[in-house]
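Report on one structure; see the data block that follows.
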Amino acid sequence: MFRNQYDTDVTTWSPVGRLFQVEYAMEAVKQGSAAIGLRSKTHVVLACVNKANSELSSHQRKIFKVDDHIGVAIAGLTAVGEFRFSGRSERRSIPITLKYLTTADGRVLSRYMRSECINYGYTYESPLPVGRLVYQLADKAQVCTQRSWKRPYGVGLLVAGLDESGAHLYNNCPSGNYFEYQAFAIGSRSQAAKTYLERKFEKFTESSRDDLVKDALFAIRETLQGEKLTSSVCTIAVVGVGEAFNILDQETVQALINEFEISGEEAPINESVAEQSVGDDQRSAAAEEAAPMDI
């Protein structure tokens, strides 16, 4: 994306009906390290990739506990981003640079969600429904797309929760849109994880807690591009029936990786996909035999 005359503020529409600053925020989500969510009837698992800005620093925290029944995973640029525009004075145009840390946006939004849960619990003496919280969060993000003195939040959120209606997994976008998923991935190289999840999602509904964690680790490994999967490069969190939202410690995650042999084991391929590939190979071989001689 390149700077143009229609991205000076978030309320300026381009001739083709686009809000460029909203698209820039969506692009910031794509540049952040991957975050993954999966849900069954009884549990929701969040997983994320831990990336440090340098070898001398620790990684940014990407999973936050909101309440005992809700947690969020964020994806966005962890480095300082810049938006430049020209501020007009009486005599000349002055370039102004706005810098922000999009991971801080995730902390602000998670703190807002905690406040909403506390207020609801104090008023109604019951947990805040997940869908209602996500709706309020989407409204808060949407307001930033229609105020010229504000900017969109530079993070995408995966909201995992459990309420009376069951387990839920939502994706909140900087544009104010939100969607519920059976499984989803956001961030850089998330397409590889989505491909794995799309191949497996039909069995997630009946999966156990341990199976969900296993599939989350497989999906995380798909985003690493050959890097060895260890407990130091990923974070796993779980919420479910009889289990409050909690982030698994590194020893537990490493034990799961060793148990499932994730580090060296190839992700299992669906039988139908394997049969289809075998059939395609056989048909291609037969076609090659019957093909005429090249001229």
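Observations on the model:
- Segment 130-144, subset surrounded by 15 or more Cβ atoms within 10 Å (Cβ to Cβ) and under 18 Å from the mean Cα position of the chain (by Cα), residue farthest from ALA167 (Cα to Cα): ALA141
- Beta carbons closer than 8 Å, at least 6 apart along the sequence or on distinct chains, pair a first residue in segment 239-262 that is in contact (Cβ under 8 Å) with a residue 60 or more places away in the chain with a second that is open to solvent by 30 Å² or more (accessible area, probe 1.4 Å) and among the hydrophobic types (A, V, I, L, M, F, W, C) for VAL239/LEU162; GLY240/LEU162; VAL241/LEU162.
- Cβ pairs under 6 Å, 6+ apart, first in segment 162-184 and within 15 Å of LEU197 (Cβ to Cβ), second open to solvent by less than 60 Å² (accessible area, probe 1.4 Å) and of a type in the set (Asp, Glu): none
- Among the residues of segment 230-247, those that are surrounded by fewer than 21 Cβ atoms within 10 Å (Cβ to Cβ) and not small (Gly, Ala, Ser) comprise THR230, VAL233, VAL241, GLU243, ASN246, ILE247.
- Members of segment 184-210 found to be out of contact with any Gly (no Cβ under 6 Å at 6 or more places or on another chain), open to solvent by less than 20 Å² (accessible area, probe 1.4 Å) and either within 20 Å of GLY161 (Cα to Cα) or among the hydrophobic types (A, V, I, L, M, F, W, C) (or both), listed by number: ALA185, ALA193, LEU197, PHE204, SER207
- Considering residues of segment 110-120 that are modelled with pLDDT of 95 or more and open to solvent by less than 60 Å² (accessible area, probe 1.4 Å) only, the residue farthest from VAL66 (Cα to Cα): TYR120
- Segment 41-57: number of residues that are open to solvent by 20 Å² or more (accessible area, probe 1.4 Å) and either among the polar types (S, T, N, Q) or within 28 Å of LEU197 (Cα to Cα) (or both): 8
- Selection count, segment 211-229, where residues are open to solvent by 50 Å² or more (accessible area, probe 1.4 Å) and either under 25 Å from LYS41 (Cβ atoms) or polar (S, T, N, Q) (or both): 4
- When residues of segment 157-176 are limited to those that are in contact with a strand residue (DSSP E or B) (Cβ under 8 Å, 6 or more places away or on another chain) and farther than 17 Å from VAL45 by Cα, the one most open to solvent (accessible area, probe 1.4 Å): CYS173
- Here the condition is being on the phi < 0 side of the Ramachandran plot and either assigned to a helix (DSSP H, G or I) or among the aliphatic types (A, V, I, L, M) (or both); of TYR120, TYR153, it holds for TYR120 alone.
- Number of the exception - SER33 against (1) part of a loop (DSSP other than H, G, I, E, B); (2) within 15 Å of the chain's Cα centre (by Cα); (3) free of Cβ contacts under 8 Å to residues at least 60 places away in the same chain: (3)
- Yes/no for THR97 being open to solvent by less than 50 Å² (accessible area, probe 1.4 Å), of a type in the set (Ser, Thr, Tyr), outside any helix (DSSP H, G or I) and modelled with pLDDT under 95: no
The values are calculated or read from the model by the stated rules, or taken from the named source; none is laboratory data. This structure is a prediction, so every number in the text was calculated from the model and none was measured. Note that we place each Cβ from the backbone using ideal geometry, even for glycine, and neighbour counts take in every protein chain shown. Surface areas here come from the heavy atoms of the whole protein model, side chains and all, with no ligands, DNA or RNA. Shrake-Rupley method; radii C 1.70, N 1.55, O 1.52, S 1.80 Å.
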